[in-house]
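The values are calculated or read from the model by the stated rules, or taken from the named source; none is laboratory data. Bear in mind that the values here come from a model prediction, so they are computed numbers and not experimental data. We place every Cβ from the backbone using ideal geometry, glycine too, and count neighbours over all the protein chains shown.
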């Protein structure tokens, strides 16, 4: 069994993946969406890192065409890595927001604009069909027209499966009336449980939809790298398992349900291995209860 398979598997439609995956944002460099700051990762090192992830059983990568910096594109690095890899890897990308070559944000206000974003992902990834495309919503409005446009592209053979990102429960329900939703990506972690409060995590489980948290390790720091762990609860559990705080945060997330996946990102090979092996950690009921209590160390 590979390291990434230790947490089990889940199906994105007909595509079975290990529950521990990889988020490609950090491949572009440091800073917000890789747009500023930091030294870009060496291309050869990036390909080696991705191959190392694949060798450890990672077969699910999260990316987007807007994950780029002046010198690096996550999609193009993934394309290069997959061109010399012979195993099956499911690539999940997202559309809705986009960035022009200068890095300025543009949004698909009209549903028909999504086709250009899908085609850009196809070009960058070197694919004729995208495995999974998530519509990133980010607001309370109806997503029917935009999701319907993606459903048409799926019917045309450009997309295999559809998902959602940054959505509310009612938007998942709305989308399900148009086409099957195989995954939902929302911000979620030990310190950010809005998806629990809204019932979104449970809704996904009830409907057989993968729930894929982002920022599960960095939490409120969002795109920034995780800072020094301040949570006494996490430190306590980490000591008991001879694990890192990041591993405990990932393990807590995976314990939320068999339909919950993880897509931690890093450019550090040692951290990559730690993230992947976090799926083998088994937290006790007492440890889970401790992590669910308020952190008294910051009170």
Does any residue of the range 176-186 turn out to be in contact with a helix residue (DSSP H, G or I) (Cβ under 7 Å, 6 or more places away or on another chain) and under 30 Å from residue 231 (Cα atoms)?
yes
Test for residue 150: is it modelled with pLDDT of 95 or more, in contact with a helix residue (DSSP H, G or I) (Cβ under 8 Å, 6 or more places away or on another chain) and crowded, with 20+ Cβ neighbours inside 10 Å
yes
For the range 148-261, list the helices (runs of 4 or more DSSP H) that sit wholly inside it and hold at least 2 residues that are farther than 24 Å from residue 11 by Cβ; which are they?
194-197, 232-241, 245-254
Only residues in the range 3-21 that are in contact (Cβ under 8 Å) with a residue 24 or more places away in the chain and at negative phi count as the first member; pair them with residues that are surrounded by fewer than 17 Cβ atoms within 10 Å (Cβ to Cβ) and part of a strand (DSSP E or B), Cβ under 6 angstrom, at least 6 apart or cross-chain, and list the lot.
18/9
For residue 177: the one exception among (1) surrounded by 18 or more Cβ atoms within 10 Å (Cβ to Cβ); (2) farther than 25 Å from residue 283 by Cα:
(1)
What are the residue pairs meeting all of these: first residue in the range 217-246, first residue at positive phi and modelled with pLDDT under 70, second residue surrounded by 14 or more Cβ atoms within 10 Å (Cβ to Cβ) and assigned to a helix (DSSP H, G or I), Cβ atoms under 8 Å, and 6 or more apart or on different chains?
219/249
